[in-house]
Structures are given as C-alpha cells and as structure tokens.
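Trainee: Questions regarding the structure given below will be posed in turn.
The values are calculated or read from the model by the stated rules, or taken from the named source; none is laboratory data. This structure is a prediction, so every number in the text was calculated from the model and none was measured. Please note: Cβ atoms are built from the backbone with ideal geometry, for glycine as well, and neighbour counts cover all protein chains shown.
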Amino acid sequence: MSLLKTLAGIVVVAVNLVSQKLAPREQTPVELRVGVVAPDFELPGSDGKTYRLADFRGQKIVVLAWFPKAFTPGCTRECRVFAERADEFANLPVAFFTASVDTPSENKKFAESVGARYPILSDPDRKVALAYGVVSSPRDFARRWTFIIGLDGKILHIDKNVKVDTHASDVARWIKEYLKANPPAGDSGKR
C-alpha cells in the first residue's frame, strides 16, 4: 500500500511539473516610463512591409498606438479615426502606427475595412507587446496604450487613457506642442 501511495505521489508531482512547463506563464509586467529607451521592434505591417523602430532613429518621432483586438467596436473606431485624421500628421516628422496582437492577415483585412492608409502592425507572438508592458502573458490582448518615441529612441509620452474617438487628434496635438517647445536642431521653431 505504501508503494502505491509513493508511486501516486510521484505521478502527481510529474504531472504538475509537466503542466507548469506547458502552460503559458504570467510574467511580471514591464512598466516603461518616459525618458527610457523604447524597446526596439521589428513587426510586419498591414501593407506587407516590415517596420523597425531603429529605422526611424534620428529621422522621425514614432507613434505606437496599441489596441486590443481587430474588428471590435472601440478598436474599429480608434483605427478609423487615425485613417480619417492622417492629414493631421502630414507636416510633422512622424511615423505613426497602430498595433495589436492579431495576425498579419487579420490586420490586413482590418486595415482595409477601416480605410487605413497607414500600417497596422502585428505582434501575434506578443514579444514586443510584452516588452512594452501592454500584455502580461503570451495569451493576453494588448492594453489600449500609446507610446510616443523621440528621435533619440527614448519614450517622450505614454497615454494610458486613450479616448478612441479623438485619439489621432490628441496625439497630433501633443506632438505639435512638444515640437513647439523642443524644435529639432537647425529648426528656428517656426511651423
């Protein structure tokens, strides 16, 4: 009888160890702050191109607006507003993206449905989303947070209270105010 109990205990321990190895683990959420270097990324866009944060360093401010799930009401409104208000970014040194953990094929269809002329980035394995702290496990949907990243690669602003219906205008206004107070080198500050 004690041999059976010992064997049963070993089986229970083995099953627990195997299930711990197979289950996706919660990770300690990353808490990025203004002033830190933004995690680099290389993500596919809805336009079929691959985008790297490093490619914009020294050239453009980068807006990375995470949203939870393609084809949901709030996300559809937010991405449609970015599409409709793209002209607000036209004269700014800015590359703007929305991003989710949806697949590239799903985001391609989503971009077409909202009329996005800008790339919607896909991070289905959630590695970049984890690095930005917008998910805390490999199965989460992204939080609706937006990161504005400066020419030097450092985070200038984090918006965790996004208003989907005005978000594009809110971001453009923030960038215009920032540039007015911090004109790029060689710029007289006139816009």
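Trainee: Considering only residues that are touching a residue at least 40 places away in the same chain (Cβ under 8 Å) and among the acidic types (Asp, Glu), look in the stretch 71-111 and name the one that is nearest to residue 126 (Cα to Cα).
Mentor: 78
Trainee: Restricting attention to the stretch 58-76, which residues are touching a strand residue (DSSP E or B) at 6+ places or on another chain (Cβ under 9 Å), farther than 14 Å from residue 129 by Cβ and not hydrophobic (A, V, I, L, M, F, W, C)?
Mentor: 59, 60
Trainee: A follow-up question, please. Can residue 95 be described as small (Gly, Ala, Ser), under 19 Å from the mean Cα position of the chain (by Cα), under 30 Å from residue 180 (Cβ atoms) and modelled with pLDDT under 95?
Mentor: No, not satisfied.
Trainee: Which one of the conditions (1) buried (at least 17 other Cβ atoms within 10 Å of the Cβ); (2) assigned to a helix (DSSP H, G or I) does residue 169 fail to meet, given that it meets all the rest?
Mentor: (1)
Trainee: Which residue out of 63, 134 is touching a Phe, Trp or Tyr at 6+ places or on another chain (Cβ under 7 Å), aliphatic (A, V, I, L, M), in a loop (DSSP other than H, G, I, E, B) and within 18 Å of residue 163 (Cβ to Cβ)?
Mentor: 134
Trainee: Let me ask something else. Picking from 116, 95, 99, which residue would you name as being outside any loop (DSSP other than H, G, I, E, B), surrounded by 21 or more Cβ atoms within 10 Å (Cβ to Cβ) and either out of contact with any Leu (no Cβ under 6 Å at 6 or more places or on another chain) or not acidic (Asp, Glu) (or both)?
Mentor: From the options 116, 95, 99, the qualifying one is 99.
Trainee: Search the stretch 156-167 for residues that are of a type in the set (A, V, I, L, M, F, W, C) and pair each with any residue that is in a loop (DSSP other than H, G, I, E, B) and at pLDDT 95 or above when their beta-carbon atoms are under 6 Å apart and the residues are at least 6 apart or on different chains.
Mentor: 156/150; 162/144
Trainee: Something else now. Just to check your reading of the model, which residue among 65, 111, 70 is aliphatic (A, V, I, L, M) and either closer than 23 Å to residue 153 by Cβ or modelled with pLDDT under 95 (or both)?
Mentor: 65
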